[in-house]
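Remarks on the structure that follows.
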Amino acid sequence: MLKRIFYIAFYTGIGQLLSIFSLKYVGQHGTPEQLKSIAEADSLILFIINIIGMGLQSAAMRNLALTDDWKEEYHQTQSARMAAGILLTIAAGLFFLSPNYILFIAAPLLAWNGDYALYARGFPVRGAAVAFIRLLIPFSLLIIFADLNNSHLALIYVISLLATYAVTNVYISWFLGTPYFFMPRFANLRLYITSLPLGIVTLSLYFIGLGVILVVPYFYSSAVVATAFVGLKFYMIFKGVLRIIHQAFIKEMIDENVCLKIDQLSIILGITYVGSILIFPDSFITLFFGKKYIGEKEFFTLLGISALIYSLFLSMATKSMLSKKDTEYTRITFGAALVTILSVILLSFYNKALINIAVSLCLGETIWTIGLIKIIGTKKQVKKRAIFILQIIVVLLIPLITKYFFTDKLFPYLVSFILFIAIVSIFHFRRFKTLP
């Protein structure tokens, strides 16, 4: 178990850190308008990916993981995705309303992506490597061209990202031994209907995160949008890392003992995140976002709390899907997303503060977590996770004492949390060494 996690963490960690620091670099050398353009383009591409995936991708992952005769399932899924991608190109006609909508032309290329099959068929390390390449190239180019004061950063990011998708799509097909291209079959679009509940879940989870960027520009200033994007990108990277870990063990997560272990690992990461921002706010913000954002501590702190809430019972989301509790899972996820979006909008009438976005996400994550416990959790499961949380929180005394004696500085922050991770690892090594 640890070996698999190590390789996934290696590829995912390096790639995500690169994306974080490249956005930090752009924020320091670019303008809020440039960062806003990148934010809107990135959010729209992710929106297109989520529409294409809808519930079909989640259902396909479940089916691919649980059957040996998987290639026919994959073929039908890919042909349906390609058909959906072609239909989505029609939305590019909205270019006259907003130039960003031209990105819908790239929908077939994004639909061609089959990385979900790598995770479902037990190749999570390959999937993590593909994800790493898709981060490495576009974000490296952002750093290079930001240094050259290029005014077309968003365009460079989009072109390089799509080119990387094309190359990695070919690699995935080669590795899986499947056809490189799948003809679109519009008859297979019926698969989207059969997996509609999971589709609503996919879009809802998108809006409990980076998806709010599609709403925020209509109610908040460009400066708020730019700062929100930087924070939300980090937030979504954290959530993405947890999802990759869960996808790596999706075939084993029918077992509650495996779910507990995965949640415990997620909790460690969540407490590390929120502990960093609560104990060393200046160092954390300066390291990952830049000094210019230190004045927004409340925003970043609430994002950290939201991340911890998300991590507590995340396995229950996967367990709900594997147990085919699609209807109940859809209701709680849609409700949480609706609360998030409405909160962002309604709070804007009170003031135009950045913190409104973090408050809305915190509300959404809380409702989602409570809903998961209600539909599939038990008191015993909640108790086990609560006890583990207390065990990990005690170890935060190390960074707290360090902060007391050495104040909020980068070196003490790094040393104290390295010690925190080391001690947690020593005490819980056996827990994660093997699967039941």
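The values are calculated or read from the model by the stated rules, or taken from the named source; none is laboratory data. Remember, predicted model here, so these are calculated numbers, not experimental data. With ideal geometry, Cβ positions are generated from the backbone for all residues, glycine too; neighbour counts draw on all protein chains shown. Side chains included, ligands, DNA and RNA excluded: accessible areas come from the protein's heavy atoms. Shrake-Rupley method; radii C 1.70, N 1.55, O 1.52, S 1.80 Å.
Observations
- From the options I389, I375, residue that is under 30 Å from V258 (Cα atoms), touching an Asp or Glu at 6+ places or on another chain (Cβ under 6 Å), assigned to a helix (DSSP H, G or I) and touching a residue at least 40 places away in the same chain (Cβ under 8 Å): I375
- Residue among A154, A120 that alone is among the hydrophobic types (A, V, I, L, M, F, W, C) and within 27 Å of M183 (Cα to Cα): A120
- Screening segment 122-158 for residues that are assigned to a loop (DSSP other than H, G, I, E, B), without any contact (Cβ under 8 Å) to a residue 60 or more places away in the chain and more than 21 Å from the chain's Cα centre (by Cα) and picking the one that is surrounded by the most Cβ atoms within 10 Å (Cβ to Cβ) gives N150.
- When the residues of segment 19-44 are filtered to those that are surrounded by fewer than 21 Cβ atoms within 10 Å (Cβ to Cβ) and of a type in the set (V, I, T), the one that is nearest to the chain's Cα centre (by Cα) is I20.
Conditions (1) farther than 30 Å from K291 by Cα; (2) free of Cβ contacts under 8 Å to residues at least 60 places away in the same chain, marked per residue:
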site: A337; (1), (2): yes, no
site: E365; (1), (2): no, no
site: P399; (1), (2): no, no
site: V415; (1), (2): no, yes
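- Against the list (1) open to solvent by less than 40 Å² (accessible area, probe 1.4 Å); (2) within 25 Å of I156 (Cα to Cα), the condition I86 fails is (1).
- Residue among K292, K324 that alone is in a loop (DSSP other than H, G, I, E, B), of a type outside the set (S, T, N, Q) and out of contact with any strand residue (DSSP E or B) (no Cβ under 6 Å at 6 or more places or on another chain): K324
- If you filter segment 56-69 down to residues that are buried (at least 18 other Cβ atoms within 10 Å of the Cβ) and of a type outside the set (G, A, S), you find that the one that is nearest to A187 (Cα to Cα) is L56.
- Exactly one residue out of L94, L103 is free of Cβ contacts under 8 Å to residues at least 24 places away in the same chain and either surrounded by 18 or more Cβ atoms within 10 Å (Cβ to Cβ) or part of a helix (DSSP H, G or I) (or both): that is L94.
- Hey, T164 outside any helix (DSSP H, G or I), touching a Lys or Arg at 6+ places or on another chain (Cβ under 7 Å) and either open to solvent by less than 60 Å² (accessible area, probe 1.4 Å) or aliphatic (A, V, I, L, M) (or both) or not: no
Yes or no, residue by residue, for (1) part of a helix (DSSP H, G or I); (2) crowded, with 18+ Cβ neighbours inside 10 Å:
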position: Y180; (1), (2): no, no
position: L189; (1), (2): yes, no
position: I268; (1), (2): yes, yes
position: L287; (1), (2): yes, no
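- Hits in segment 374-430 (condition: open to solvent by less than 100 Å² (accessible area, probe 1.4 Å), of a type in the set (D, E, K, R) and within 20 Å of S315 (Cβ to Cβ)): K384, R385
For (1) more than 19 Å from I245 (Cα to Cα); (2) at pLDDT 90 or above; (3) surrounded by fewer than 23 Cβ atoms within 10 Å (Cβ to Cβ), each residue gets a yes or a no:
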residue: K291; (1), (2), (3): yes, no, yes
residue: E298; (1), (2), (3): yes, yes, yes
residue: I305; (1), (2), (3): yes, yes, yes
residue: F313; (1), (2), (3): no, no, no
residue: M316; (1), (2), (3): no, no, no
residue: K319; (1), (2), (3): no, no, no
residue: K324; (1), (2), (3): yes, no, yes
residue: Y329; (1), (2), (3): yes, no, no
